[in-house]
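Throughout, read-outs are computed from the coordinates displayed, never taken from laboratory work. Worth saying up front: this structure is predicted, and the values here are computed from it rather than measured.
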Amino acid sequence: MTELLLESWDRQAKIIDSLAGLVNETNRKAKPSSDGWTLDYQLAHIHEVRYWWLSKCMPELAKTLGDALMDDGAMGVPIEDLDEIRRQLTVSERAVREATEAGLKSGGKFGPYDNAVLFMQHMVWHEGYHAGLILLGLRLAGEDPSEEWCESHIWELWRGPEEWE
């Protein structure tokens with residue numbers, strides 16, 4: 001069961017990595033709504049949420065992560081280097097996996113969570129929410145990923161290739 005849970009995290013992380021690859025210098029300030037967060041902020045926020053929860057569950061792992069947001073008031077602003085935001089997503093992706101694996105092995109309470117499964121499920125749910133916002137932001141910017149792209153970079157990761165008849 002441990003490997004299956006970790007595989008679900010790996011699949012979710014691959015989806016976020018694929019979406020991050022669609023965010024570029026031209027569309028990074030696109031938003032899913034007029035009052036929404038920019039695409040680069042969505043990505044930076046995902047990393048920072050991973051960092052924050054890791055700091056509660058496994059502080060030693062959180063210390064290995066860098067920043068994707070700069071202090072600029074309550075919310076912060078994304079760092080300018082989009083490649084560094086992507087790199088930090090990769091670093092925090094690995095740290096969440098490592099923390100979940102360690103928490104599953106030790107069993108019981110995991111930081112503020114009753115167990116590591118709930119921690120990992122929270123991460124997947126949170127990131128799925130932001131994945132939808134990123135897709136909407138891309139659509140509103142006129143850069144909606146094709147159905148084929150979504151199929152191969154999102155849906156097939158969860159269920160495998162589907163045979164359409």
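What percent of all Cα-Cα pairs in region 7-50 falls in each 5 Å bin, counting up from 0? So the P(r) values, bin by bin, are 5, 21, 27, 24, 15, 6, 2, 0.
Give the Debye-formula value of log10 I(q)/I(0) at each listed q (0.12, 0.16, 0.18, 0.20 Å⁻¹), with one equal scatterer per alpha carbon of the chain, two decimals each. After summing over all Cα pairs, the log10 values are -0.55, -0.93, -1.13, -1.30. Here is the P(r) of region 27-79: all C-alpha pair distances, binned every 5 Å from 0, give 5, 20, 24, 22, 16, 8, 5, 0 in whole percents. Mind checking Rg over Rh on region 115-164, alpha carbons, Kirkwood formula for Rh? Ratio value, two decimals: 1.08.
Over the residues of the chain, the helix contribution to mean residue ellipticity at 222 nm works out to -20000 deg cm²/dmol, using -39500 (n - 2.57) for each DSSP H run of at least 4. Here the Kirkwood formula, the inverse mean of 1/r across different C-alpha pairs, assigns region 40-123 a hydrodynamic radius of 13.0 Å.
A full extension of the chain between residue 156 and residue 87 corresponds to an added length of 22.4 nm, given 0.36 nm per residue minus the alpha carbon distance.
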